[in-house]
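As structure tokens, the structure follows; a few thoughts come after it.
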Amino acid sequence: MYDFSHSLGNAVKSTRYQRGLTQLQVADMADIDVRTVMNIENYKANPKMEVLYPLIRALRIDARSIFNPELQREAPALQQLRLMVEECSEQEAEALIPVIESVLSALRAKAPIEIG
């Protein structure tokens with residue numbers, strides 16, 4: 001059986017820090033006990049799916065960072081952007097495409113553009 005306690009603990013802890021959340025807030029968001037969050041972050045837990053699933057969903061953690069940490073080399077900003085896009089409806093995605101194309105075109109232009 002694969003022990004993913006370190007990759008899970010690291011993912012939960014770093015995501016919690018990035019979002020400025022306490023362990024209690026994370027526990028409330030995932031509807032789990034705060035001691036469970038503490039144990040996960042201290043690599044002392046190998047939770048069942050009933051805990052793992054709501055925790056990953058509440059923190060919006062990319063499951064690849066837990067189950068395939070060796071493949072996860074993506075920068076945090078790209079992870080966040082990918083998760084935001086994946087949560088879009090088809091209509092939202094269609095509306096975002098021209099906006100993203102325009103912004104990327106401006107960012108990639110040779111003349112510097114200040115975005116404020």
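Observations on the model:
- Ranked Lys44, Lys13, Lys110, criterion: other C-beta atoms within 10 Å, fewest first: Lys110, Lys44, Lys13
- When the chain is treated as a Gaussian network with alpha carbon springs shorter than 10 Å, the biggest mean-square fluctuation among Ala106, Ala63, Ala93 belongs to Ala106.
- Helix-derived mean residue ellipticity, 222 nm - over the chain, DSSP H n ≥ 4, -39500 (n - 2.57), to 500: -19500 deg cm²/dmol
- This ranking places Tyr17, Tyr43 by how few other beta-carbon atoms lie within 10 Å of each, fewest first, which gives Tyr17, Tyr43.
- Sequence of Ser89, Ser65, Ser14 once ranked by neighbouring C-beta atoms within 10 Å, starting from the fewest: Ser89, Ser14, Ser65
Bear in mind these aren't lab numbers, they're just calculated from the coordinates by the rules spelled out. A quick note: this is a predicted structure, and the numbers were derived from the prediction, not measured. FYI the Cβ positions are ideal-geometry reconstructions off the backbone, even for glycines, and counts take in every protein chain you see.
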